[in-house]
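Student: So that we are looking at the same thing, I have put the structure below in structure tokens.
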Amino acid sequence: MFENFEKEPLKIKRRGEDGYKMISVRIQEDTLSELDRIAKETNRSRNELINLILRYGIKNIIIE
């Protein structure tokens, strides 16, 4: 199972070099509760769920 474990180096990227940036956002408590409920129901992390929702919103927004 781990035959090649010692032969290949472990490669770890520096934080921020994975295409993601950390931000801080203020949201209402009821919105956070709903996000947590959906995350639990879908077995996803809150972070993953927020990224999915943001990507969907960005692709489907109509600016008038």
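The values are calculated or read from the model by the stated rules, or taken from the named source; none is laboratory data. Since the structure is predicted, the reported quantities are computational estimates derived from the model, not experimental observations. We place every Cβ from the backbone using ideal geometry, glycine too, and count neighbours over all the protein chains shown. Side chains are part of the model used for accessible areas, which takes the heavy atoms of the whole protein and leaves out ligands, DNA and RNA. Shrake-Rupley method; radii C 1.70, N 1.55, O 1.52, S 1.80 Å.
Student: Out of all the residues in segment 1-34, which are charged (D, E, K, R) and either at pLDDT below 95 or over 28 Å from Arg46 (Cα atoms) (or both)?
Tutor: Our first condition is that a residue be charged (D, E, K, R); within segment 1-34, this holds for 3, 6-8, 11, 13-15, 17-18, 21, 26, 29-30, 34.
Scanning segment 1-34 gives Glu3, Glu6, Lys7, Glu8, Lys11, Lys13, Arg14, Arg15, Glu17, Asp18, Lys21.
Student: Being open to solvent by 90 Å² or more (accessible area, probe 1.4 Å), at pLDDT 95 or above, of a type outside the set (Val, Ile, Thr) and not in a helix (DSSP H, G or I) is the requirement here; does Arg37 meet it? Don't jump to the end; show me each part of the working.
Tutor: Numbers: open to solvent by 90 Å² or more (accessible area, probe 1.4 Å): yes; at pLDDT 95 or above: yes; of a type outside the set (Val, Ile, Thr): yes; not in a helix (DSSP H, G or I): no.
No; evaluated as a whole, the condition is false for this residue.
Student: Continuing with this model, one more query. Regarding Leu52, is this residue over 13 Å from the mean Cα position of the chain (by Cα), free of Cβ contacts under 8 Å to residues at least 60 places away in the same chain and open to solvent by less than 100 Å² (accessible area, probe 1.4 Å)?
Tutor: No.
Student: Another question, then. If we scan segment 3-16, do we find a residue that is under 14 Å from the mean Cα position of the chain (by Cα) and open to solvent by less than 100 Å² (accessible area, probe 1.4 Å)?
Tutor: Looking through segment 3-16, at least one residue is under 14 Å from the mean Cα position of the chain (by Cα) and open to solvent by less than 100 Å² (accessible area, probe 1.4 Å).
Student: Next question. Among the candidates Gly57, Gly19, single out the residue that is open to solvent by less than 100 Å² (accessible area, probe 1.4 Å), of a type outside the set (Asp, Glu) and part of a loop (DSSP other than H, G, I, E, B).
Tutor: None of the other options fit; the residue is Gly19.
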